[in-house]
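Just so it is clear, none of the values below were taken in a lab; they were calculated from the coordinates. What you see is a predicted model; the values in this text were computed from it and never measured. Every residue, glycine among them, receives a Cβ derived from its backbone with ideal geometry; neighbour counts consider all protein chains shown.
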Amino acid sequence: MTEPVAFTDSAPVLPVRDLDAALERYRRLGFEVEAYAGPERYGYVRRGPVSLHLTEWDQHDPATTAGAVYFYVSDADALHAEWARAGVDGRLTKPHNTPYRLREFAFIDEDGTLHRVGSPLSEP
C-alpha cells in the first residue's frame with residue numbers, strides 16, 4: 001500500500017490590477033516581497049511561514065474577481081495597530097471578539113482582497 005501524498009504548504013494566488021502597487025502595499029504591511037524575474041507579471045509575498053502569490057491580471061475586477069485569505073496570528077490587536085500605522089489605502093475594520101473564540105479584524109485592499117485576521121482568545 002502506498003502512503004498518501006503529504007501536503008507540505010500552500011500559497012493562495014491573488015489577482016491584482018497593478019503588481020508593482022500590490023508588492024509595495026504588502027511591503028508596507030510588513031511582508032517580504034519579490035517580483036518574479038521572468039516575463040510574466042507575478043510576485044511573491046511572505047511573512048514568516050505564510051506566503052501569497054500575486055498575479056497581475058488585466059481582467060481583474062475587484063467587484064467580481066477578488067480573493068479572500070484568512071491569517072491566524074499570535075496577536076490580532078498588535079497586527080491591527082501595525083497595519084493602521086502603515087497607512088495603506090483600503091478599509092481596515094476594528095478588532096472585535098467573535099463567538100467562535102477569536103479576536104478578529106479585516107482589511108480590504110484596493111484590489112478587493114479581503115484579509116481576515118484572527119488570534120485565539122485566552123480561556124475565560
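Data table
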read-out	value
For V5, V69, V50, order by how many other beta-carbon atoms lie within 10 Å, fewest first	V5, V69, V50
Rounded Å value of the spacing that divides the Cα centres of the stretch 59-74 and the stretch 1-54	13 Å
Relative contact order computed over the chain (Cα-Cα under 8 Å; 6+ residues apart), in percent	23 percent
Largest-first principal axis extents of the Cα set of the chain (Å)	53, 53, 27
Kirkwood-based shape ratio for the stretch 18-71, expressed as Rg/Rh from alpha carbons	0.96
Residues T65, T8 arranged by fewest to most Cβ contacts within 10 Å	T8, T65
Segment R46-E110, extension gain: residue separation times 0.36 nm, minus the distance between their alpha carbons	21.1 nm
Karplus-derived HN-Hα couplings along the stretch 106-122 (A = 6.51, B = -1.76, C = 1.60, θ = phi - 60°), whole Hz, x at Gly and Pro	9, 9, 10, 8, 5, 8, x, 6, 8, 10, 8, 10, x, 10, x, 7, 5
